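The values are calculated or read from the model by the stated rules, or taken from the named source; none is laboratory data. Owing to the predicted nature of the structure, the values given are computational and were not obtained by experimental measurement. Every residue, glycine as well, gets a Cβ built from its backbone with ideal geometry; the counts of neighbours run over all protein chains shown. Just so you know, the surface numbers come from the protein's heavy atoms only, side chains and all, with ligands and any DNA or RNA stripped out. Shrake-Rupley method; radii C 1.70, N 1.55, O 1.52, S 1.80 Å.
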Amino acid sequence: MAIREIRTEGDEILSKKCKVVQNFDMKLHILLDDMYDTMKKSEGVGLAAPQVGILKRAVVIDIGEGKIELINPEIIEESGEQTGSEGCLSVPGVYGEVTRPNKVTVKAQDRDGKWFKLTGEELLARAICHEAEHLDGKLFLERVTKFIED
Ligand code: QAP
Ligand code: CO
């Protein structure tokens, strides 16, 4: 268990495309455990590996319904639309309105490499989309239609 440093906007690693995970080994498990602890400590609901400086296609999410780990995620279905407030642990204190699909189905591998599908709506769909985009070097900022003032 270790807390890792969260990279913030301006760090070029956040704009790089992450590599497909090939080895479902102890090193990956430690990364996922550290990402979860780091996310929880910062009171986040989602964190992608590049946010802790690792260019691998790995994500953790917990919207209050338990831990979800997505390795090599691919969104295979999207439907509907939702517009709501979004933030990011790599852009502290900045929130904006972002339009996302209301429902998504993602295909991903678990920490042992086994493929599964997960369907999420509303907040979970938003978290899946937000985190998946980190893996392609995209921040939510480029999708904000209106920044939310405090
Ligand atoms: C992505 O974002 C997300 O600015 C995860 O000061 C966003 O956990 C998924 C956070 C919205 C679903 C809906 C941001 C914490 C956390 C901050 C986060 C801050 C403290 C953001
Ligand atoms: Co983020």
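Between residue 22 and residue 149, the distance separating the two model label sites (each 7 Å from Cα on the Cα→Cβ line) works out to 5.2 nm. Using just its DSSP H runs of length 4 or more, each adding -39500 (n - 2.57), the chain gives a mean residue ellipticity at 222 nm of -6500 deg cm²/dmol after division by all residues. Across segment 35-64, the residues whose backbone nitrogen lies under 19 Å from the label position 7 Å along the beta-carbon direction of residue 75 are 45-51, 57-63. For the chain, the solvent-accessible area works out to 54 Å² per residue, with a probe of 1.4 Å and every protein chain left in place.
Each Lys or Arg adds one and each Asp or Glu subtracts one; over the other residues with Cβ under 9 Å from the Cβ of residue 52, this totals 0. Build a GNM of the chain with springs between Cα atoms under 10 Å apart, and of 123, 47, 32 the one that fluctuates most is 123.
Over the chain, the Kirkwood radius and the radius of gyration, each from Cα atoms, give a ratio Rg/Rh of 0.94.
Extension gain for the segment residue 117 to residue 1, taken as residue separation times 0.36 nm less the Cα-Cα distance, is 39.0 nm to one decimal.
The GluC sites (Glu not before Pro) of segment 77-106 that meet both conditions, a loop assignment by DSSP and at most 12 other Cβ atoms within 10 Å of the site Cβ, are 81. So how exposed is residue 56, as accessible area in Å² (1.4 Å probe, rounded to 10)? That residue has around 60 Å² of solvent-accessible surface. Exceedance of the 29 Å cut-off in Cα-Cα distance is limited, within the set 27/103; 107/146; 27/146; 16/41, to 27/103; 107/146; 27/146. Of all the options 54, 68, 76, the one that moves most in a Gaussian network model of the chain with Cα springs shorter than 10 angstrom is 76. Candidate cross-link partners of residue 117 among the aspartates and glutamates, defined by an alpha-carbon separation under 19 Å and a same-chain spacing of 8 or more, comprise 62, 65, 69, 74, 77, 78, 131, 133. Measuring with a 1.4 angstrom probe and ignoring ligands and nucleic acids, residue 36 comes out at about 50 Å² accessible. With all protein chains in place and a 1.4 Å probe, the accessible surface of the chain carries 47 percent carbon and sulfur.
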